[in-house]
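Okay, structure first, notes after.
The values are calculated or read from the model by the stated rules, or taken from the named source; none is laboratory data. The shown structure was predicted, so the numbers you read here are calculated from the model rather than taken from an experiment. Virtual Cβ from ideal backbone geometry, glycine too; neighbours counted across all protein chains shown. Side chains included, ligands, DNA and RNA excluded: accessible areas come from the protein's heavy atoms. Shrake-Rupley method; radii C 1.70, N 1.55, O 1.52, S 1.80 Å.
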Amino acid sequence: MSSLPDSVSATLYVVATPIGNLADLTERARQVLSAVNIIACEDTRHTQRLLQHLGLRKPMLSVHDHNERERIQQVKDHLDQGHDMALVSDAGTPLISDPGYPLVQALRQAGHKVVPIPGASAIITALSAAGLPTDRFTFEGFLPHKSSGRKERLRAVSQDTCTLVFYEAKHRILYTLADMAEVLGDQREAVVARELTKTFESFYRGTLMDIHAQLSSHEDHQKGEFVVMVSGNQSPSPASEIDTERLFKLLLAELPPKKAAAIIAELTGENKKELYQKALGWKDA
Ligand code: SAM
C-alpha cells in the first residue's frame with residue numbers, strides 16, 4: 001500500500017468519520033480508507049453508504065457492542081496475515097460512546113500497531129462553539145436510561161466545578177433535561193447543541209429550566225441528535241469537602257452496613273450496592 005507509512009506488521013487505523021456533513025471527512029481519512037484491505041465497522045450498511053460516497057468498494061467486518069469480543073481474534077488474524085485494517089463507527093470518532101475499546105485494548109496488549117486518524121467528534125464540535133468554559137470538562141457520555149439511575153449519576157457529578165458534557169437521544173432529551181434541572185438545579189446554565197454540522201444545527205442556551213422550555217415549545221426542537229453541556233457548579237456545597245470515607249466508617253460503627261451505605265450514597269451520589277460491598281470489605285478486614 002503506497003500511501004500508508006511503511007510498517008513491519010499490519011496496522012489498525014482508528015478512523016474518525018463525519019457526524020453529519022460528509023465534507024468533514026479528512027483527506028487523510030479518505031486516503032487510509034482507500035488504502036486498507038478491510039474495514040471493521042459498526043454497521044456495514046451505514047459504512048457502505050460512506051464508501052459509496054467515496055467511490056470505494058472494500059471488504060467489511062462488522063464490529064459492534066454485541067460481537068466485539070468474538071471479533072478480536074479475527075482482527076488479530078487479519079493483521080498477522082499482513083492485512084491493514086481501518087476501524088470506523090457510524091459517526092464521529094470510534095470508541096467515543098461507540099464500539100472499539102475492547103478491540104483496541106486487546107491489540108495494544110498484544111503489541112499490534114494502532115494508529116489514530118483524527119476527525120470529527122460531537123463532544124469537541126459542540127464544546128468548540130458553545131461558549132462554556134473548556135479549560136476543564138468532564139465527558140459523561142450517555143446517562144442511564146431510567147430516571148432513578150440517571151439522577152444517581154447526576155448527583156455524583158453535581159458538585160463538579162468543571163463543564164459537564166453528555167450525549168443524549170431524541171426520545172430522552174426532555175426527561176434528561178428535567179432530571180438535570182431537578183438534581184443540578186433549574187438555574188444552572190447550560191448549552192444544548194442539536195444536529196451539529198447538519199442542516200438544522202441549533203444551539204439552545206440559558207438555564208436548564210429555560211432550555212427545557214425552549215425544547216418543549218415545539219416538537220421540531222426535539223428531533224435529531226443532542227449534546228448537552230452544563231456549567232460546572234459555581235458554588236459547590238461544603239458537603240463535598242467532608243471526608244466521606246471517614247464519615248462512612250464512623251456511621252458503620254453505629255449503623256448496619258446497608259443503612260450506612262444508603263446514607264453515603266444519598267450524600268455523594270455513589271452507587272449504593274458498591275458502597276455496601278466496600279463496607280462489607282472493611283468489616284471483614
Ligand atoms: N463517536 C461519536 C462521536 O465521536 O461523537 C458519538 C457516537 S454516539 C453513539 C452518538 C451520540 O453522539 C448521539 O446520540 C449524540 O448525542 C451525539 N452526536 C453524534 N452526532 C451528533 C450531531 N451531529 N449533533 C449532535 N450530537 C451528535
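Mark the label point 7 Å from the Cα of A169 along Cα→Cβ and return the residues of the range 188-212 whose backbone N is within less than 19 Å of it. Zone members listed by number: 193-196. Residue ranges 189-198, 23-32 sort as 189-198, 23-32 when ordered by packing (mean number of other C-beta atoms within 10 Å per residue, highest first). When only Cα pairs below 8 angstrom with a gap of at least 6 residues are kept, the range 240-285 shows a relative contact order of 31 percent. Look at the alpha carbon pairs under 8 Å that are at least 6 residues apart: their mean separation over the length of the range 32-188 gives a relative contact order of 18 percent. Each of A106, A91, L79 was placed along the dipole of the range 74-113 (beta-carbon charges, centred on the mean Cα), and the one lying farthest toward the positive end is A106.
Quarter the surface of the alpha carbon convex hull of the chain and you get the mean projected area, 18.3 square nanometres. Take every DSSP beta bridge whose two residues both sit in the range 11-120; close to 5 percent of them are antiparallel. For the chain, the 222 nm mean residue ellipticity estimated from helices alone, with every DSSP H stretch of n ≥ 4 adding -39500 (n - 2.57) and the total spread over all residues, rounds to -12500 deg cm²/dmol. Taking only the alpha carbons of the range 123-230, we obtain Rg and Dmax values of 12.5, 36 Å in that order.
Any idea what diffusion coefficient the range 11-120 gets from Stokes-Einstein, in µm²/s, Kirkwood Rh on alpha carbon pairs, 4 °C, 1.567 mPa s? Using the Kirkwood radius from Cα pairs, D works out to 95 µm²/s.
In the context of the full set of protein chains, residues of the chain present 54 Å² of accessible surface per residue (probe radius 1.4 Å, heavy atoms only). Of the residues A178, A279, G206, the one whose Cα sits farthest toward the positive end of the charge dipole of the range 135-285, with +1 on the Cβ of Lys and Arg and -1 on the Cβ of Asp and Glu, is A279. Stokes-Einstein diffusion of the range 5-68 at 20 °C, 1.002 mPa s viscosity, Kirkwood radius from Cα pairs, rounded to a whole number: 169 µm²/s. Of the accessible area of the chain, computed with a 1.4 Å probe over protein heavy atoms only, carbon and sulfur atoms account for 50 percent. Residues whose amide H lies under 5 Å from that of L61, counting only those 5 or more places away or on a different chain, are I39, A40, C41; hydrogens are built 1.01 Å from N in the peptide plane. Once backbone amide H atoms are built at 1.01 Å from N, H112 has no partners under 5 Å, excluding neighbours fewer than 5 places away on the same chain. Of all lysines in the structure, those lying under 22 Å Cα to Cα from K259, and not within fewer than 8 positions of it along the same chain, are K151, K249, K272, K273, K278, K283.
Working ranking of peptides 56-68, 205-217 by packing, defined as the average number of other Cβ atoms within 10 Å per residue, highest first, is 205-217, 56-68.
Bridge orientation summary for the chain: considering DSSP beta bridges with both residues in this region, about 45 percent are antiparallel.
Computed extension gain for Q48 through E201, at 0.36 nm per residue and net of the alpha carbon distance, reaches 52.6 nm.
Considering only beta bridges that DSSP places wholly inside the range 123-230, some 75 percent are antiparallel. Positive-end ranking of T125, P256, F137 along the dipole of the chain, with charges on Cβ about the Cα centre, is headed by P256. Each Cα pair under 8 Å and six or more residues apart adds its sequence gap; the mean of these over the residue count of the chain is a relative contact order of 17 percent.
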